[in-house]
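Okay, structure first, notes after.
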Amino acid sequence: MKNGSELHYPNLDVIFHHISDLIFQIRVIDVHHYEIEAVNEGYLASYETSKEAISGRRIEDFLGVDQGIQAIRRFQEAIIRKKTIQFEEGYSFPKQGYKLFDITLVPLVEDGTVSRLIGIAKDITEKRMNEEHLAHSEKLSIVGQLAAGIAHELRNPLTSLKGFLKLIQFKNTDRDIDRYAQVMNSEFHRIEQIIDEFLILAKPTKINFNYNRMDLILDEVIELLSGQANMKAIILTKEYHSSLSEIYCESNQLKQVFINLIKNAMDAIGEEGEIMISAREFNDKLQIQIIDNGSGITDEELEKIGSPFFTTKKNGTGLGLTICNRIVKKHKGSLSIQSNKGKGTNITLTFPKEGGK
């Protein structure tokens with residue numbers, strides 16, 4: 001080090017400043033206090049600061065209290081162990097937002113005491129996202145294979161059971177048995193719905209893309225569901241122009257998405273509430289929002305929602321939103337969910353107008 005801010009050797013200085021990973025050197029004042037002694041250009045660029053502005057600052061002063069405490073805990077671990085430690089940890093940046101890093105922290109021991117710490121932080125945010133995407137894709141592939149087999153195996157015995165149930169209902173005169181038969185028939189119907197959802201996942205359906213007006217698609221969906229909404233005292237409010245631009249899409253599949261999402265909103269409300277369906281255009285994209293004032297979703301549930309077989313419904317299959325996501329991706333669109341427990345949910349779908357091309 002020279003003047004506490006530069007490394008000794010010019011060749012190492014070049015390496016230090018030109019590596020894209022974030023490199024930092026920390027001076028240990030005591031076990032609770034640490035100063036930033038040197039950082040490389042990658043570190044300065046990430047925090048949009050200068051060497052003059054950062055040199056000599058306390059770590060908690062620069063990173064903020066919460067992230068400063070997070071960093072200090074790792075510093076203390078390296079000091080206590082007096083060994084190099086490696087870990088994954090996330091930090092927030094002014095403009096880049098949250099990023100995940102693979103961090104190596106090296107304690108420099110002098111006369112049995114750790115005087116400095118050198119850290120190298122490698123950005124692994126994209127790597128982890130790709131791994132999660134791959135795992136999700138593999139899960140969907142397995143689901144599809146299982147779905148085809150399960151659907152085939154269930155169809156035949158289910159048809160036989162339904163046939164015998166109808167025969168029992170036809171010959172039966174006992175009211176109690178009739179009530180049990182109705183429950184059984186309802187459950188058979190639910191099994192058939194599950195099988196249908198399995199088959200949608202299992203079979204690549206042929207898609208016929210054409211130019212369609214989104215307002216007409218939404219109008220049809222609202223008209224279709226208005227009866228169910230009225231029975232539950234739920235108001236369906238639409239907020240969009242009657243002359244939205246055409247987008248290149250498969251109208252029936254988009255209807256399936258909107259029906260599924262609006263029905264989910266109805267289930268979340270239960271009785272008496274409001275669902276607003278809005279649409280707006282900006283540049284070459286079209287955005288649709290479905291907003292309800294229902295029961296909402298917890299943060300923990302929100303992280304899992306959309307995964308195959310995960311559901312917040314008592315009688316749900318956890319496949320509906322998975323299917324919606326797949327259809328939206330085929331249209332090169334995106335689906336995001338914002339929700340607060342007890343306050344409702346806001347689902348935003350964004351489609352490029354030339355989505356299917």
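Since every read-out is calculated from the coordinates, none of them should be taken as a lab result. Since we're looking at a predicted model, the values are computed, not measured. Cβ placement follows ideal geometry from the backbone for every residue including glycine, while neighbour counts extend to all protein chains displayed.
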Checklist entry - Nearest 0.05, what FRET efficiency do Glu239 and Asp111 give at R0 = 51 Å with Cβ-Cβ as r? => result 0.10
Checklist entry - Sorted by mean Cβ packing within 10 Å, highest first, what order do the peptides 47-55, 291-299 take? => result 291-299, 47-55
Checklist entry - Hey, what do the phi angles of the stretch 326-331 turn into as Karplus ³J(HN,Hα) couplings, whole Hz, using 6.51/-1.76/1.60 and θ = phi - 60°, x for Gly and Pro? => result 5, 5, 4, 5, 5, 8
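When the dipole is taken about the Cα centre of the stretch 213-279, and only Lys, Arg (+1) and Asp, Glu (-1) are charged at their Cβ, what size is it in debye, to the nearest 20? Kindly include the intermediate steps, with their values, before the conclusion.
Values: 5 positive and 11 negative charges, 19 e Å.
Rounded to the nearest 20 debye, it is 100 debye.
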Checklist entry - Working out 0.36 nm times the residue gap between Lys83 and Ala181, then minus their Cα-Cα distance, what length gain in nm do you get to one decimal? => result 28.3 nm
Checklist entry - ³J(HN,Hα) across the stretch 333-340 via Karplus (A = 6.51, B = -1.76, C = 1.60, θ = phi - 60°), whole Hz, x for Gly/Pro? => result x, 9, 10, 10, 10, 10, 8, 10
Next on the checklist: Between the stretch 71-103 and the stretch 209-235, what is the separation of their alpha carbon centroids in Å?
Outcome noted: 50 Å
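Can you give the extra length, in nm with one decimal, that the chain gains between Asn346 and Phe188 once fully stretched, where that is 0.36 nm per residue apart less the Cα-Cα distance?
Numbers: separation 158, 0.36 × 158 = 56.88 nm, distance 3.30 nm.
Result for the pair: 53.6 nm of gain on full extension.
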Checklist entry - What order do you get for 238-249, 84-95 when each peptide is scored by the mean count of other beta carbon atoms within 10 Å, highest first? => result 238-249, 84-95
Item to check | In nm, spacing of pseudo-spin labels at Ser92 and Glu220 (7 Å Cα→C-beta vector) | outcome: 4.4 nm
Item to check | Label-point gap, in nm, between Lys332 and Glu354 - each point 7 angstrom along Cα→Cβ | outcome: 0.7 nm
Checklist entry - Quick one: Karplus J couplings for the stretch 291-302, per residue in order, coefficients 6.51, -1.76, 1.60, θ = phi - 60°, nearest Hz, x for Gly and Pro? => result 10, 10, 10, x, 6, x, 10, 6, 4, 5, 5, 4
Item to check | Segment Ala45-Asp21, extension gain: residue separation times 0.36 nm, minus the distance between their alpha carbons | outcome: 7.6 nm
Checklist entry - What FRET efficiency do you get for Arg58 and Asn260 if R0 is 45 Å and r is their Cβ-Cβ distance, rounded to the nearest 0.05? => result 0.30
Checklist outcome for this item: Length-normalised contact order of the stretch 12-139, Cα under 8 Å, at least 6 apart, in percent, tallies to 23 percent
Checklist entry - Put a dot 7 Å past each Cα toward the Cβ at Glu281 and Leu161; how far apart are the dots in nm? => result 5.1 nm
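Given 25 °C and 0.890 mPa s, how large is the Stokes-Einstein diffusion coefficient of the stretch 15-81 in µm²/s, with Rh as the Kirkwood radius over Cα pairs?
Details: Rh = 12.3 Å.
Estimated via Stokes-Einstein, D reaches 199 µm²/s.
Which of the residue pairs Lys82/Lys127; Lys162/Lys255; Lys232/Lys285; Lys330/Lys353; Lys83/Lys122; Lys127/Lys341 have a Cα-Cα distance greater than 22 Å in the structure shown?
Violating the 22 Å limit, Cα to Cα: Lys82/Lys127; Lys162/Lys255; Lys232/Lys285; Lys127/Lys341.
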Checklist entry - Which far-off residues, 5 or more places away or on another chain, put their amide H under 5 Å from the one on Glu274, with H placed in the peptide plane? => result Ile235, Asn293
Checklist entry - Given H placed on each backbone N at 1.01 Å, which residues far from Arg57 in sequence or on other chains put an amide H within less than 5 Å of it? => result Ile36
